[in-house]
Number of protein chains: 2
Amino acid sequence: MEIKKRQLEIIEAAGEILTESGLAGLTTKNLAAKMGFGESALYRHFKSKEEIIVTMLQYLAADMDKRLTACVAKLEDPVEKLKAVFNNQFDFFEKHPHFLIAVFSEGLLEESKKINTAIMQIMATKKKHLLPVIKQGQQEGIFETATSAEDLLHILMGSFRLHMLQWRMTAFSFDAKQKGNKLMGSILTLIKV
Amino acid sequence: MEIKKRQLEIIEAAGEILTESGLAGLTTKNLAAKMGFGESALYRHFKSKEEIIVTMLQYLAADMDKRLTACVAKLEDPVEKLKAVFNNQFDFFEKHPHFLIAVFSEGLLEESKKINTAIMQIMATKKKHLLPVIKQGQQEGIFETATSAEDLLHILMGSFRLHMLQWRMTAFSFDAKQKGNKLMGSILTLIKV
DNA sequence: TTACTTTGTGAGCGAACATTCACAAACATT
DNA sequence: AATGTTTGTGAATGTTCGCTCACAAAGTAA
């Protein structure tokens, strides 16, 4: 799946609309207006609105996969790895807040089968990177073993998601990176033995 | 705000549609069909579709407020209080899974100002009940004080929300109450001194 | 210059949307 | 039996939706 330059621009515009006006705001009319051309031009680059959304979610999953892989590879300590992963996420969303849809894609659930699959893929990608790190930490005796690795992951991801949601709901009115790193630091302290 | 019997039936039908078909599925046509009458009859009970959604969210907030108040009142121990609160929530959503929209209402964000306000109210209600209990636990030396009460609340609520999301995304395929109580128990153990 | 591909335009399609309105049962009150 | 209120019907409203199509610039390659 290669994404062309113009396609990426459209995807970014779609993300902006979703974040600032919700799903109801994402119409072909609005999207074309934001791109500065007519509605029909959209169909030169995508064959349907559904394809635009699916491509966006797939792009986000692939991008996250790349970022998190690089993030985890260069460190040894599990705690540092986790901190690096979340810091990377905060960085990304601070730079591209319109892609917060990647975190709140539940709003798109049940729109179509393909979209559902793409949403699942994003969550699976995150899990793929974090779970091994947590298990590593448990094996090295750094993290609590009374709670399963899955539950620890659940706590981390749930807290991260709620943090991002509050950031958006307050119209990005606080420093998501600083507050987020502090929060994730607290959690890591809690789950350390 | 008094809700009539027929209005409540409509609200429940709307919740069912939202949970099983998403926001796009909630049309006046579908809603009327589920109620077994024509579209125009809806407007005997509500003056707009927006009013239906807002009333639903307000009803959920009020109902939750009542339930959680009763829940917290009859217990002393903060740990037991929290367990009771979450157990009550699991019970409610097991009985009324179509009202899961109360937890995932972010999907409705930015649909309208009134809807946004109603969503905020639901989150504020939860917070109102849980935060004092956590603070009480900290004062009594039961919960960790290295992490702020707000952060502890954040972890609890974030984990709860993700749990409910996974339950829905897997089509209610596991026992949300049993698994949820286990998860919340783990978290409570983590934050105990 | 010619020919081809890419990317745009603008009018227009049928379908679905929320909402309204004149009207009719059903029901309760007198 | 007569009257008034609730709650339904079914057709129709205008609007917006995603999408198509015949056509035209603009860019590329021979």
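The values are calculated or read from the model by the stated rules, or taken from the named source; none is laboratory data. Keep in mind that this is a model prediction, so the values were computed, not measured. Virtual Cβ from ideal backbone geometry, glycine too; neighbours counted across all protein chains shown.
Some values worked out for this structure:
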read-out: Unique match (being more than 22 Å from residue A:2 (Cα to Cα) and either under 21 Å from the mean Cα position of the chain (by Cα) or surrounded by 15 or more Cβ atoms within 10 Å (Cβ to Cβ) (or both)) among A:22, A:15, A:36; value: A:22
read-out: Filter result (within 8 Å of another protein chain (Cβ to nearest Cβ) and assigned to a helix (DSSP H, G or I)) within region A:142-165; value: A:151, A:154, A:155, A:157, A:158, A:159, A:160, A:161, A:162, A:163, A:165
read-out: Residue within region B:111-127 that is more than 24 Å from residue A:191 (Cβ to Cβ), among the charged types (D, E, K, R), within 14 Å of another protein chain (Cβ to nearest Cβ) and surrounded by 18 or more Cβ atoms within 10 Å (Cβ to Cβ) present; value: yes
read-out: Residue that is farthest from residue B:84 (Cα to Cα) [pool: residues in region B:9-42 that are among the charged types (D, E, K, R) and near DNA strand C (Cβ under 10 Å from one of its atoms)]; value: B:39
read-out: Test: residue in region B:43-57 that is more than 13 Å from DNA strand C (Cβ to nearest atom), closer than 18 Å to residue B:118 by Cα, at pLDDT 95 or above and not aromatic (Phe, Trp, Tyr); value: yes
read-out: Helices (runs of 4 or more DSSP H) enclosed by region A:1-88 - at least 1 residues per element that are of a type in the set (Asp, Glu), away from chain B (no Cβ under 14 Å) and more than 16 Å from DNA strand D (Cβ to nearest atom); value: A:5-21, A:49-73
